[in-house]
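Just below is one structure, and these are the notes that go with it.
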Ligand code: T3D
């Protein structure tokens, strides 16, 4: 492993060889429930990784037996807790937007329960791999709240409207096996293989052409709110951008020379 950087509640580890950064939510005793300092650190982590040219793909995971149990409910009972709307606008939303605008793919390694805003964080990842010990719960309703941190946007897009309503209103726990069937995650692996599988997928992404990867992520998100004609034009524009990169020339050369491409991000 290369550089290590330890914050209190969010850990960042960069593997210089694969160019993969692993961001670990690190309050295992509280199932990685999100406090204000943790949200500040998580946002700072994504902002730092955006600027770090040595990183081409990111893994988001949780320490201990949980991925993330959402908002720390004890913190909400503190007398100086911010009003909910302020907390969502000023702390949660910037994290979700930073994840979606990060020009690098994020692999969610869902190692355990992902509840409330923890489920939202998982859904904001580009690719989700679950351990067979993982579960999802849109737990907001259990504490009399509405799904936030993008949950009402991601959920119907990932699982369809019918399932989204059930998951959001019933707030039932969804097993790893069901989450892959519903489309909440792309694959499930045995718990002991999760870290290896996530690293291997992230390393594949990191070996891809970074500019094309970033443009693809942007195009897919934009497509949700655009008609076909606009999307076709958008694809043509993005293809002009990707086609002008050295990496496109390298991809063509590698194909002709029957060798793996070496993408530089130029
Ligand atoms: O600012 C805002 O509030 C707006 C944003 C809201 C977004 C949200 O995320 S609202 C939803 C908040 N999350 C939840 O409602 C989930 C609460 N947790 C649970 O329902 C359960 O803990 C789980 C289903 C996630 C896991 O259950 P289980 O039985 O495996 O574990 P446990 O025994 O309940 O929890 C273990 C410990 O973690 C326990 O601490 P203790 O008693 O050993 O000292 C528990 O209190 C703590 N913990 C779990 N979740 C939270 C938490 N502590 C604080 N906040 C939590 N969310």
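We did not get these values from a lab; they are worked out from the coordinates using the rules stated. This one's a predicted model, so the numbers in the text were calculated from it and none came from an experiment. All Cβ positions, even for glycine, are placed from backbone atoms using ideal geometry, and neighbour counts span all protein chains on display.
Say R0 is 30 Å: what FRET efficiency, to the nearest 0.05, do residue 253 and residue 220 get from their beta-carbon distance?
Calculated value: 0.65.
Report, for the chain, the % of DSSP beta bridges that are antiparallel, rounded to 5.
35
Based on DSSP, what percent of beta bridges with both residues in the range 1-100 are antiparallel, to the nearest 5?
Beta bridges within the range 1-100, antiparallel portion: roughly 55 percent.
Using the basic label-point model (7 angstrom from Cα toward the beta carbon), what is the residue 146 to residue 240 distance in nanometres?
Using points 7 Å along Cα→Cβ, the separation is 4.0 nm.
GNM, the chain, Cα, under 10 Å: largest mean-square fluctuation among 99, 256, 123?
With Cα springs under 10 Å in the chain, the top fluctuation among 99, 256, 123 is at 256.
From Cα coordinates alone, what are the radius of gyration and Dmax values for the range 109-266 in angstrom?
18.7, 60
Given the options 223, 131, 179, which has the most mean-square fluctuation in a GNM of the chain, springs set between C-alpha atoms less than 10 angstrom apart?
Of 223, 131, 179, the Gaussian network model singles out 223 as fluctuating most.
Write down Rg/Rh for the chain, rounded to two decimals, with Rg from the C-alpha atoms and Rh from the Kirkwood relation over Cα pairs.
0.98
Per DSSP H run of n ≥ 4, the term is -39500 (n - 2.57); total these for the chain, divide by its residue number, and report the mean residue ellipticity at 222 nm rounded to 500 deg cm²/dmol.
-13000 deg cm²/dmol
When all alpha-carbon pairs of the range 22-96 are counted, what percent fall beyond 16 Å?
53
Counting only Cα, what are the radius of gyration and maximum Cα-Cα distance Dmax of the range 16-155, in Å?
14.3, 47
Working out 0.36 nm times the residue gap between residue 165 and residue 191, then minus their Cα-Cα distance, what length gain in nm do you get to one decimal?
Contour length minus the Cα-Cα distance gives 6.5 nm.
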